[in-house]
1. From the set of residues in the stretch 35-64 that are free of Cβ contacts under 8 Å to residues at least 24 places away in the same chain and within 18 Å of LYS172 (Cα to Cα), which is surrounded by the most Cβ atoms within 10 Å (Cβ to Cβ)?
2. Against the condition at pLDDT below 95 and of a type outside the set (Ser, Thr, Tyr), how does ARG85 come out, does it pass?
3. Is it true that some residue in the stretch 3-16 is of a type in the set (A, V, I, L, M, F, W, C), at pLDDT 65 or above and open to solvent by less than 80 Å² (accessible area, probe 1.4 Å)?
4. Out of curiosity, is ARG180 touching a helix residue (DSSP H, G or I) at 6+ places or on another chain (Cβ under 9 Å), open to solvent by 80 Å² or more (accessible area, probe 1.4 Å) and at pLDDT below 90?
5. Identify, please: which residue in the stretch 108-160 is more than 18 Å from the chain's Cα centre (by Cα) and assigned to a loop (DSSP other than H, G, I, E, B) and is, among those, surrounded by the most Cβ atoms within 10 Å (Cβ to Cβ)?
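The values are calculated or read from the model by the stated rules, or taken from the named source; none is laboratory data. These numbers come from a predicted model, not from an experiment. Cβ placement follows ideal geometry from the backbone for every residue including glycine, while neighbour counts extend to all protein chains displayed. Side chains are part of the model used for accessible areas, which takes the heavy atoms of the whole protein and leaves out ligands, DNA and RNA. Shrake-Rupley method; radii C 1.70, N 1.55, O 1.52, S 1.80 Å.
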Amino acid sequence: TRWFSLELLSEFVQDSDHVDEPDEEGLPLSSWKLTLGNKKQARSEMEAIVLKEPIEKSIEGDRYTWTEAECEKLLKSLRHQSDYRYMSFFLTANYPPDYTAFISRPMDWEKIQKTLKKRQYDTFGAIIDDLRLIFKNALKYNARLAGTDTVSGQAYDAAKIMSAKLETAINKCMLTVSDRVERERIDHNNAEREIEAAERAEEAKIREQWKTNAGK
């Protein structure tokens, strides 16, 4: 709830490191200030929940489950036609000869897409880590030529732009996933309570019948 409000009211968030803490340990916050510190803290808490959420897997070739479809949305968020001039650096494994001397784990968009199609991602965090790695690698390798009118300089600038777009898409994904997961948990808990209530009612009915039969 805190992260939802801070994300939706981003334009009113104050540039302050202030972070509200709960009055009692273990209890959630009842109110909070619209500060950058609270926003960062709330986002970290939300990531800890959503990124560990397991991806419900379908059989390869079948229609994606809703969790897989959310992962696909993240991939597609980086493939808008207007962003092609930036993403063209990161679509395929087209690396310079000395790339692996600087980057231990290369990553590109098509590799992630193939991994998703093969149903090899287990959590949202796994695919998000790989997507972030694309731009983390690019920033690291091309940093030495940042600000120059070279291919590396352009790739560095493109990585900064697309990394920011990815984080925006991740925010939207976390909102969608956390909302659906919470609703499903509520529905599941309600269903369990209804089953328990029905079982108690049936047990009470059986006891009453037993008492009636015993009194005859």
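1. Step one: filter the stretch 35-64 for residues free of Cβ contacts under 8 Å to residues at least 24 places away in the same chain, giving 35-37, 40-41, 44, 48, 56, 61-64.
Remaining after also requiring within 18 Å of LYS172 (Cα to Cα): 40-41, 44, 48.
Details: LYS40: 13, GLN41: 21, SER44: 10, ALA48: 10.
Filtering first and then ranking leaves GLN41.
2. yes
3. There is at least one residue in the stretch 3-16 that is of a type in the set (A, V, I, L, M, F, W, C), at pLDDT 65 or above and open to solvent by less than 80 Å² (accessible area, probe 1.4 Å).
4. Working: touching a helix residue (DSSP H, G or I) at 6+ places or on another chain (Cβ under 9 Å): yes; open to solvent by 80 Å² or more (accessible area, probe 1.4 Å): yes; at pLDDT below 90: yes.
In short, yes.
5. Selected residue: ASP108.
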